[in-house]
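Here, each number is a calculation from the coordinates, and none is a lab measurement. This one's a predicted model, so the numbers in the text were calculated from it and none came from an experiment. Ideal geometry is used to build each Cβ from the backbone, glycine not excepted, and the neighbour counts take in all protein chains shown.
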Amino acid sequence: SGAEWIRAWFRILNDSVKTVPLSELTLRYWYTIDSGSTDQYFECWAAPIGCENLSASFVPVSGRTDADYYLQLDIAGSGELAAGADTGEIYLGWHKSDWSPYVYDNDWSYEPFSDFTDSPKITLYRRGHLIWGIEP
């Protein structure tokens, strides 16, 4: 199955005992471009930490299982994530400039019915080091 948008919902939980600066965190959603344009556009629809504090880049990769791109979500600003707290529900999506469809079934990070449970195929990094999840 597929659609013109990849839509994703995230909630980042700090399960450590220390406060973490949000600016040190980066999230990656791994997927395949499938066909069509490689120019892609990011939209943030809602984020308690502020959509203005989120920026995305589309990074091509090779030699990975079920991924030839990842969306990298960087968090800016001076906010912190307290021990035991989470970011709240972040809703975002992206599409290709020619609106050609993505095929979800072959995407590493895709889960059909996410209810904010652990998603180990969506990776989280702190200062560039993998701290959560499994890369393809």
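Among the trypsin sites (Lys or Arg not before Pro) in region 51-136, those placed in a DSSP loop whose Cβ has at most 11 other Cβ atoms within 10 Å are ARG127.
FRET efficiency for the pair ARG11 and SER37, taken as 1/(1 + (r/R0)^6) with r the Cβ-Cβ distance and R0 = 35 Å, rounds to 0.70.
Based on Cβ point charges of +1 for Lys and Arg and -1 for Asp and Glu, what charge dipole magnitude is obtained for the chain about its Cα centre, in debye rounded to the nearest 20?
Working: 9 positive and 20 negative charges, 78 e Å.
With only Lys, Arg, Asp and Glu charged at Cβ, the dipole is about 380 debye.
Centre-to-centre separation between the Cα atoms of region 5-36 and those of region 76-136: 3 Å.
Counting only the backbone N, which residues of region 1-41 are under 20 Å from the spot 7 Å out from the Cα of SER100 toward its beta-carbon? Once the point is set 7 Å along Cα→Cβ of SER100, 1-7, 30-41 turn out to lie under 20 Å by backbone N, inside region 1-41. Near LEU81: Cβ cut-off under 13 Å, other residues only, Lys/Arg at +1 and Asp/Glu at -1. The net charge is -1. Over all other residues within a Cβ to Cβ distance under 11 Å of ASP105, the charged ones net out to -3, with Lys and Arg as +1 and Asp and Glu as -1. When the chain is treated as a GNM with alpha-carbon contacts under 10 Å, the residue of TYR102, TYR41, TYR110 showing the greatest mean-square fluctuation is TYR41.
When the Gaussian network model of the chain links Cα atoms closer than 10 Å, the mean-square fluctuations of TRP99, TRP30, TRP108 top out at TRP99.
Averaging over every viewing direction, what projected area does the convex hull of the Cα atoms of region 28-136 cover, in nm²? Kindly include the intermediate steps, with their values, before the conclusion.
On the way: hull surface 29.4 nm².
That works out to 7.3 nm².
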